[in-house]
Amino acid sequence: VQLQAYGGGLVQTGGSLTLSCEASRNIFSIDVMGWYRQAPGKQRELVATLTISGSTRYSDSVKGRFTVSRDDAKNTMYLQMNSLEPDDTAVYYCTAVTFSPGGTYWGQGTQVTVSS
C-alpha cells in the first residue's frame, strides 16, 4: 500500500486545516489507518486511529478538536483539524496497518505550522 499525505500548510491559532491521505488501493479492507505527528526535537506521537469497523481513537491533546474519517470510494482518509494551536505544529504522517498479511505502511509527511 502506498500512501500520499497532503493538505498541510501555515495557519493561524484557532484556524482549521484538513489533511488527506490517499492510498494506492482500496482502503475498506485495511484494518487500521491512522495519523501520527512529529514536532521538532520530539518523538513521533499517535494522533488518531480509525479501524475497519469505523471505531476512532484520539490522543488527549487533540480530542474534541480533530476528527478522523475516510471515504472508501476515494481511497482516502482525512484528518479535520479545528481550533489549531501552536503545539499542533508538526510533520503529520498517515499510516495503514493490515493484519493478514501483516504490514505497516507510511506515507510521506505533510508539514502543519500554526502561528501564534
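Values quoted throughout were computed directly from the atomic coordinates according to the rules given, and no laboratory measurement underlies them. Just so it is clear, the model here is predicted, and its values are computed rather than measured.
Structure notes:
- Distant alpha-carbon pairs in the stretch 30-96 (separation over 17 angstrom), percent: 38
- Here the contact order of the stretch 66-116, divided by its residue count and restricted to Cα pairs under 8 Å and six or more residues apart, works out to 32 percent.
- Note: relative contact order over the chain, using C-alpha pairs below 8 Å and six or more positions apart, is 36 percent.
- Cα pair distances exceeding 26 angstrom across the chain, given as percent: 14
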